[in-house]
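Asks: Encoded as structure tokens, here's the structure I'll be asking about.
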Amino acid sequence: DVAYLRSVLPSSTDDAFFEFLATLDASEVTVTAAPEGSVVFARVPFLQVKGPLLVVQLLETTLLCLVNYASLVATNAARFRLLAGPDVKLMEMGLRRAQGPDGALSASKYSYIGGFDCTSNILAGKLYGIPVRGTIAHSFIMSFSSMEEVQPRELPPQAGGDPVDLPGLAMSWLERVCDLLQIPSGKTNQGELAAFVSYAITFPCDFQGLLDTYCVRRSGLPNFCAVALALHQLGYRAIGVRLDSGDLAQQAKEIRGALRACGARFQVPWFGTIPIAVSNDISEHSLEELSQEGSDIDMIGVGTHLVTCPLQPSLGCVYKLVEVNGSPCLKLTEDEEKMTIPGVKTIYRLYDAAGHPFMDLMALEEEPSPRAGQEVAIRVLGCLGEATTVVPAVVEPLHRLYFRDGQVCEPLPSLAEVRTHAQVSLKLLSPAHRRLHEPQPYPVAVTERLHRLFLELRQA
């Protein structure tokens, strides 16, 4: 690495600089941070790094690269989870639309942290332990044209016994299903039925149907029901259907009604509860519409609008110098929002009596900690001219010490633990702060002492 830097830096660069680079290590660096999965608000430092200036400068681009996209996708996933509610399963399926293999793996990992239940990205499942899920492809169904192509054709009952000709059994059930659903007999697509039967023979305990390759009502639905009922006769249970086009909410209602009708007519009680999954360019807007309609959908697959974050394609996390050799420093700008807040700080999260965080407070590191039940003088960012006081019911230091003297100081959580922490953090927020439309702004404040330091540096 040093040799490469020699080749690209000016030839006048002092040799002593390269010799110094060869001796660098991170043992003098200290890192404190909000735990992974924490909710962090604008202007609040979620990561603080102390160490030799050159070393911490070298860390800037790496840290921002690691944090920006990860936080963006986790936040985007959390918004989808809030819209979907706690009961609907969410599947990340953005691999084909993500920004390359690295972006795809990151998107799968951080979507899971944000609240998604599973991923279609099997490599992410292998590397990170995320549950993997998938469904039949349209190309699989379209590759069949007739029942003669089904090989093998027999399936033994789950309880044991002689194998049964599943194509024949499915055809006999299809007549009964079409009669019940008032669909003309013989009009369903035979290639689709063959694909379903072939899949069911291979995966009798995991049979599912993709219903919209041809026509949901006249083909996909009756073909699925016929094969699922044939499997039921042999002791197996279908696990779901998926829709990938059209009016998803309306179709889901019709499918649920048909499944319930089959369950009632053929005395199969669980049939009406077969899970219905949907996909098709799901966005926040379309997910909100699905949720408002109170649809019969059990699982939603989200791809493009999750991994590419079209509503906000980048997250503007920054890495700013706030103290050098014990002297606080301040970056001035015409835009007050972009001014840095000087000094090494401790971050506190203040909670109300209902258990909701109502403010994040920044204090200088040497200041005494605010205490629960005691009045604290503060200045809210954006209203620095107005002093006010608050009385927190609970005070929580937001940062923990993670790295010092070359050693990790706290066991790093598993991905599942980070995901759980993220969901708990979101649930603690007041509904007024958590809502996605016109949320009540979450106040971030500084102590009077930090405010005075800010004024002194700005005036100087």
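Asks: How large is the Rg to Rh ratio of region 75-308 when both quantities use alpha carbon positions and Rh follows Kirkwood?
Replies: 0.99
Asks: Divide, for the chain, the radius of gyration over alpha carbons by 2.2 N^0.38 Å, where N is the residue count.
Replies: Against the compact-globule rule of thumb, the ratio is 1.29.
Asks: Under 5 Å between amide hydrogens, which residues at least 5 positions from ARG242 or on another chain qualify, with H placed 1.01 Å from N in the peptide plane?
Replies: Sorted by chain and number, the residues that satisfy this are GLY209, LEU210, LEU211, ALA277.
Asks: Of VAL132, VAL446, VAL380, which has the most accessible area and how do the rest follow, probe 1.4 Å?
Replies: Per-residue accessible area, sorted high to low, gives VAL132, VAL380, VAL446.
Asks: Further question: Can you tell me how region 353-444 classifies by the Cα gyration tensor, rounded, prolate or oblate, using a/c under 1.5 as the rounded cut?
Replies: Verdict is oblate for region 353-444.
Asks: How big is the gap, in Å, between the Cα center of region 407-460 and the Cα center of region 47-84?
Replies: 14
Asks: Right, something else. So which lysines pass the test for LYS109, namely a Cα distance under 24 Å, with those fewer than 8 places away in the same chain ruled out?
Replies: LYS109 reaches LYS89, LYS126, LYS427.
Asks: Can you name the helices of the chain, as whole DSSP H runs, whose Cα span along the helix axis is 30 Å or more and whose Kyte-Doolittle mean is not below 0.0?
Replies: Qualifying helices: 53-84.
Asks: For region 75-308, give me the percentage of DSSP beta bridges that are antiparallel, rounded to the nearest 5 percent.
Replies: Looking only at bridges with both residues in region 75-308, the antiparallel portion is about 10 percent.
Asks: How much area per residue is accessible in region 127-204 when the probe is 1.4 Å and only protein heavy atoms are counted (Å²)?
Replies: 52
Asks: 222 nm [θ] for the chain, helices only, -39500 (n - 2.57) per DSSP H run of 4+, per residue, to 500?
Replies: My calculation for the chain gives -12000 deg cm²/dmol from helical runs alone.
Asks: To the nearest 10 square angstrom, how much accessible area does THR61 have with a 1.4 angstrom probe?
Replies: 110
Asks: With the crude spin-label approximation of a point 7 Å out along Cα→Cβ, what separation in nm comes out for LEU428 versus ASP15?
Replies: Output for this residue pair reads 5.6 nm.
Asks: May I pose another question? Extension gain CYS317-LEU123, at 0.36 nm per residue separation less the Cα-Cα distance, in nm?
Replies: Between CYS317 and LEU123, full extension yields an extra 67.0 nm.
Asks: Along the charge dipole of the chain, pointing to its positive end and built from +1/-1 on Cβ of Lys, Arg, Asp and Glu, which listed residue (PRO45, SER11, LEU180) has its Cα farthest out?
Replies: Of the options given, the answer is LEU180.
Asks: Continuing with this model, one more query. Could you state, as a whole-number percent, how many of the C-alpha pairs of region 100-141 are farther apart than 11 Å?
Replies: 63
Asks: Give, as ranges by residue number, the residues of region 213-238 whose backbone N falls under 14 Å from the point 7 Å along Cα→Cβ of TRP270.
Replies: 228-238
Asks: Count the DSSP beta bridges whose two residues both fall in region 360-452, then state the antiparallel fraction as a percent rounded to the nearest 5.
Replies: Taking every DSSP beta bridge with both residues in region 360-452, the antiparallel ones total about 75 percent.
Asks: For the chain, which whole percent of the accessible surface, found with a 1.4 angstrom probe, sits on carbon and sulfur atoms?
Replies: That fraction is 53 percent.
Asks: Just the number, please: Stokes-Einstein D of region 384-435 in µm²/s, Kirkwood Rh from C-alpha pairs, 25 °C, 0.890 mPa s.
Replies: Calculated translational D: 166 µm²/s.
Asks: Here is a follow-up. For region 238-280, what is Rg from Cα atoms divided by 2.2 N^0.38 Å, rounded to two decimals?
Replies: 1.16
The values are calculated or read from the model by the stated rules, or taken from the named source; none is laboratory data. What you see is a predicted model; the values in this text were computed from it and never measured. A quick note on method: Cβ atoms are made from the backbone with ideal geometry, for glycine too, and the neighbour counts reach across all protein chains shown. Each accessible area value is taken on the protein alone, full model and side chains, heavy atoms only, with ligands, DNA and RNA left out. Shrake-Rupley method; radii C 1.70, N 1.55, O 1.52, S 1.80 Å.
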